[in-house]
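This report refers to the structure that appears directly beneath it.
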Amino acid sequence: MNYYEDWINNELKNIMKNEYADNLHGIHLLQPNLSQAILEVLLQYACQAQNYTSIELARKKISEINKKWLEDNLEIVARKCLNLDDEWECRRLLEIVMLFVPNIILGVISLFSNSKNEEIQELIEEYSS
């Protein structure tokens, strides 16, 4: 393991009170507040980080999450923890959607469709086609 992976795992362990397992396949079985808190941490690393290693490690963990649960919760959690008027964060979020749950792309785009940010509007055009 590397420093970034330790950092992410420690945050997840704090949420789970040290009951965190190394895979997230059962996240949908947890209490909603815990499972969404886990996704929030992962989205922050995957969308807000400027370090490629952090982004990739968070994406790897997101890839382990039950797809149906991710479809049902990604928009909710993204709305809570991301700056949906920031081009960097929105681009990273759209990349996650396209990698893991592409069928919800239009719903995710709608989260920031009212943005006045020109870069966000260009992203919407890019991902809507």
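Every number here is computed from the coordinates shown, using simple stated rules; none is lab data. Bear in mind the structure is a predicted one, so any value in this text is a computation, not a measurement. Please note: Cβ atoms are built from the backbone with ideal geometry, for glycine as well, and neighbour counts cover all protein chains shown.
Odds and ends about this structure:
- Note on the chain: helix-only mean residue ellipticity at 222 nm, from DSSP H runs of 4+ residues weighted -39500 (n - 2.57) and normalised by residue number, equals -21500 deg cm²/dmol.
- Where labels lie 7 Å past Cα in the beta-carbon direction, separation of N103 and Q50 in nm: 3.8 nm
- Efficiency of FRET from Cβ geometry, S63 and N14, R₀ 22 Å, rounded to 0.05: 0.50
- When each of the peptides 43-56, 111-124 is scored by the mean number of other C-beta atoms lying within 10 Å of its residues, the order from highest to lowest reads 43-56, 111-124.
- Straight-line cross-link reach from K13 at under 14 Å between alpha-carbon atoms covers these aspartates and glutamates, not counting any fewer than eight positions away in the same chain: E5, D22, E40.
- For the stretch 1-102, trypsin sites (Lys or Arg not before Pro) are listed when DSSP marks them as loop and at most 10 other Cβ atoms sit within 10 Å of their Cβ; the list is K17.
- Gyration tensor (alpha-carbon) shape descriptor, the chain, a/c threshold 1.5: prolate
- Computed label-point distance, nm, for sites I76 and E119 using a 7 Å Cα→Cβ extension: 3.0 nm
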